[in-house]
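The values are calculated or read from the model by the stated rules, or taken from the named source; none is laboratory data. None of the values given here were measured: they were computed from a predicted structure. As a convention, Cβ positions derive from the backbone with ideal geometry for all residues, glycine included, and neighbour counts pool all protein chains shown.
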Amino acid sequence: MEKKEQIAVIGAGSWGTALALVLADNGHDVRLWAHNPARIQEINEQHTNHQYLPGVDLPTNIVGYHSMAEVLDEIDLIVLAVPTKAIREVLQVIQQHQKQSLTIVHVSKGIEPDTLLRISEMIEEEMAKELCEAVVVLSGPSHAEEVSLRHPTTVTVSSKSMEVANKVQDLFMNQHFRVYTNSDIVGVEIGGALKNIIALAAGISDGLGYGDNAKAALITRGLAEIARLGTKMGAKPLTFSGLTGIGDLIVTCTSVHSRNWRAGNMLGQGKKLEEVLANMGMVVEGVRTTKAARQLSAKYGVDMPITEALHRILFEGQDAKSAVDELMARMKTHEMEDLVNVYEDRQCDEI
C-alpha cells in the first residue's frame, strides 16, 4: 500500500461516510466533516452514522469534525461529498481555511441549472488556482449501503491529469472496491449526472405498475438520450457503454437503494413532488438535474424525450400516466439511428 495519507472527506452523508470507510480500510487517517455537531459527536463517540448508514460500525481512524479549519489542517487530499446545490457554498468556506494547494476529488453527480456547469467546472470556477492542484471525479455504479458492507463495487476516476487520477485510484483501491481510470472527464460526469433522470423515470414506470418491459425500454432509450447529449458536449461515445454509463444506469434504475428510483416510484403512485421530497429525507439529485438537462438539450439542439416528459411531470403539473403514455406513443424511428448518428458525429469532429 502507498504511504498513509491524511484525507478530509467533506460531507458525512451516506456516500461520504461509505467512502471514508473505504479509505480507512486502506490505512489512511480520515477526517469526516459534517455541518451537524450531533452527527460528529455520534461518529466520534459511538463510531456510527445511524441516520445514513444504520447498523454499520465505523473504524476508529475515521474522526468527525465540525470545524472546517481543523479538518483542513495539514491534510493531503479533499474528498468533496456534498449535494450539487451546496457545492459552491461549501467551497467558499473551504477557501477561507485551506492553506496549501490540494487535489479535490468530487463524488457527487449533478449539473448546475442555469450555468449548465459540470461539478468539476464549478470547482475550477469557484476555487482559487493556487489552492486547487487538480480536480478528480469518482463515479460509477455504487450504492453507499453496499459499499459500507464491503460488497464488491467498481467505480471510475477521471481527471484532466491522468497522473493524478492514477494516484487517487491507488488511494481508494482494495479487494472490495475496484477503481478504474478513464481520461474522459466530460463523459464520466455527464453519465453520472443524467442517469438520475432516467432512474426517476424508471421509478415512475414501476410506480404505475408497468413492469420490467417498460423499464428496460426506458433504460435503453435513456442511454441513447444520455449519449446524444454527452457526445455533443465533447464526451467519448464508448464512455457510455462503461461503468458511468450503462453500469450506473442499471444499478440506479433497478435498486431499492436508489433514492432517485424511490422518489420516482412514489410519483408514479400519485404523490406530489413536494410530498415525495419531504418523505425522502435526502437529496434527490435527479430533480434538479432534470432542469439542467432540459436547458442543455435546448442549448445543443439534442432531442431528449424522456427528460422532456419528466420535466412536465415534475414542474408543469402533468400526471405521470399521461406523460409516460405520450412518451411510448412517439413517432417511430430506427432503433440504431441514434447510436449511428452519435458515432458518425464524433468521427466527423475528429477528422
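Considering every residue within segment 111-120, establish whether at least one is closer than 19 Å to A12 by Cα, in contact with a strand residue (DSSP E or B) (Cβ under 9 Å, 6 or more places away or on another chain) and at pLDDT 95 or above. Steps first, answer last, please.
First pass over segment 111-120, keeping only residues closer than 19 Å to A12 by Cα: 119.
Retained after the next criterion (residues that are in contact with a strand residue (DSSP E or B) (Cβ under 9 Å, 6 or more places away or on another chain)): 119.
Next cut, at pLDDT 95 or above only: 119.
Scanning segment 111-120, I find at least one residue that is closer than 19 Å to A12 by Cα, in contact with a strand residue (DSSP E or B) (Cβ under 9 Å, 6 or more places away or on another chain) and at pLDDT 95 or above, so the answer is yes.
Looking at segment 277-337, the helices (runs of 4 or more DSSP H) lying wholly inside it that each contain 2 or more residues that are within 19 Å of the chain's Cα centre (by Cα) and at pLDDT 90 or above sit at 285-300, 305-315.
Would you check if there is a residue in segment 282-300 being small (G, A, S), more than 18 Å from G110 (Cβ to Cβ) and touching a residue at least 60 places away in the same chain (Cβ under 8 Å)? Scanning segment 282-300, I find no residue that is small (G, A, S), more than 18 Å from G110 (Cβ to Cβ) and touching a residue at least 60 places away in the same chain (Cβ under 8 Å), so the answer is no.
Taken over segment 50-105, the criterion of being closer than 23 Å to S158 by Cα, buried (at least 16 other Cβ atoms within 10 Å of the Cβ), under 22 Å from the mean Cα position of the chain (by Cα) and touching a residue at least 40 places away in the same chain (Cβ under 8 Å) is satisfied by L77, I78, V79, L80, A81, V82, P83, T84, V90, I94, T103, V105.
Could you grab me the full set of residues in segment 106-123 that are surrounded by fewer than 16 Cβ atoms within 10 Å (Cβ to Cβ) and free of Cβ contacts under 8 Å to residues at least 24 places away in the same chain? T115, the sole residue that qualifies.
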